[in-house]
Amino acid sequence: MIEVKNARKSFGQNHVLKDVSLHVNDGDVVVILGPSGSGKTTLLRCINFLEKADGGTLTVGDKTVDFRKASKSDILEIRRKTAFVFQNYNLFQNKTALENVMEGLVTARKVPKETARTRAQEALEWVGLADKWDAYPSQLSGGQQQRVGIARAVVLDPEVILFDEPTSALDPELVGETLAVIRRVAKTGITMIVVTHEMAFAQEAANHVIFMDGGVVVEEGSPNEIFVNPKEERTKKFLSRIL
Ligand code: ADP
């Protein structure tokens, strides 16, 4: 279970998260939609402490922390329970696909190297990259790099995977293969929070949709409630522009 209560975050005078709360059940696939600049990525980054929120609380599983007062060990504990898939993959350029996937297991989880190697190989095979273990990121397509990014998150067996616009840096012809892998992750039953502009994916893969605008959650509900029967004007306007 993930719970965010009253999250606030400003960059200078820019109040990016005004008072955001959300509740995610185990096994949920939550999609966060909203116009550019509405605070979606910042919210996701706060959940993983890539950004430090100015106020509010976060619960991941049995751990609750105050965003502002979280200690280093609190942050490490939250990070152990969460994994992040970045828009721009964020792979180590000087490491192979296999080494990228092993890295978190060896350094953060203290898994012995040989076990980490086996698990990383399995994870790469699972995302369809069994033949690319020894390739460096520069030798892979964007879609393949993102699949390494997904393997790196999945191999950690976290309580939740946070996907930050995972396909928006990809050439259009590579989006499908990446979404297919994300659907595959969703089918494992792992809890996921996905920021995306891929509406077809949201409609079909999500069981809960959150619409954000201007640093607040405007509306949330099932895909049917949001896509077919949106209640709020701002949601209707957003959907009419993009569907
Ligand atoms: P979204 O993901 O909905 O497009 P973001 O969370 O990326 O929105 O950004 C929301 C606002 O916060 C934007 O105005 C953006 O410029 C600002 N912002 C995000 N990150 C930073 C940062 N590190 N420093 C300053 N401003 C930021």
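The values are calculated or read from the model by the stated rules, or taken from the named source; none is laboratory data. Because the structure is a prediction, the values reported are computed rather than measured. When we count neighbours, we look across all protein chains shown, and the Cβ atoms used for this are built from the backbone with ideal geometry, even at glycine. Calculation scope for accessible area: heavy atoms of the full protein, side chains included, ligands and nucleic acids excluded. Shrake-Rupley method; radii C 1.70, N 1.55, O 1.52, S 1.80 Å.
Listed by chain and number, the lysines whose C-alpha is less than 17 Å from the C-alpha of K69, apart from same-chain residues fewer than 8 away, are K5, K9, K52. In the chain, the DSSP beta bridges split such that about 55 percent are antiparallel, to the nearest 5. Spatially, the stretch 191-242 and the stretch 1-67 are offset by 16 Å when compared through their Cα centroids.
When a 1.4 Å probe is rolled over the protein heavy atoms, the share of accessible surface on the stretch 174-242 that falls to carbon and sulfur comes to 49 percent.
Rolling a 1.4 angstrom probe over the protein heavy atoms, how many square angstrom per residue are accessible across the chain? Please list the in-between numbers first.
Numbers: 11120 Å² over 243 residues.
Computed with neighbouring chains in place, this is 46 Å² per residue.
Pull up the cross-link candidates among the aspartates and glutamates for K40, meaning alpha carbon to alpha carbon under 17 Å and not fewer than 8 places away within one chain. Reachable aspartates and glutamates: E3, D19, E51, D54, D164, E165, E198, D213, E219, E220.
For the stretch 14-40, list residues with backbone N below 12 Å from a point placed 7 Å from the Cα of M1 toward its Cβ? Output list for this probe position: 23-26.
Inter-label distance, S222 to H197: 2.9 nm, where each label sits 7 Å from its Cα along the C-beta direction.
Principal-axis analysis of the Cα atoms of the chain puts helix 97-107 at an angle of about 80° to the longest axis.
Taking 0.36 nm per residue of separation and subtracting the Cα-Cα distance, full extension of the segment from E173 to E233 would add 18.3 nm.
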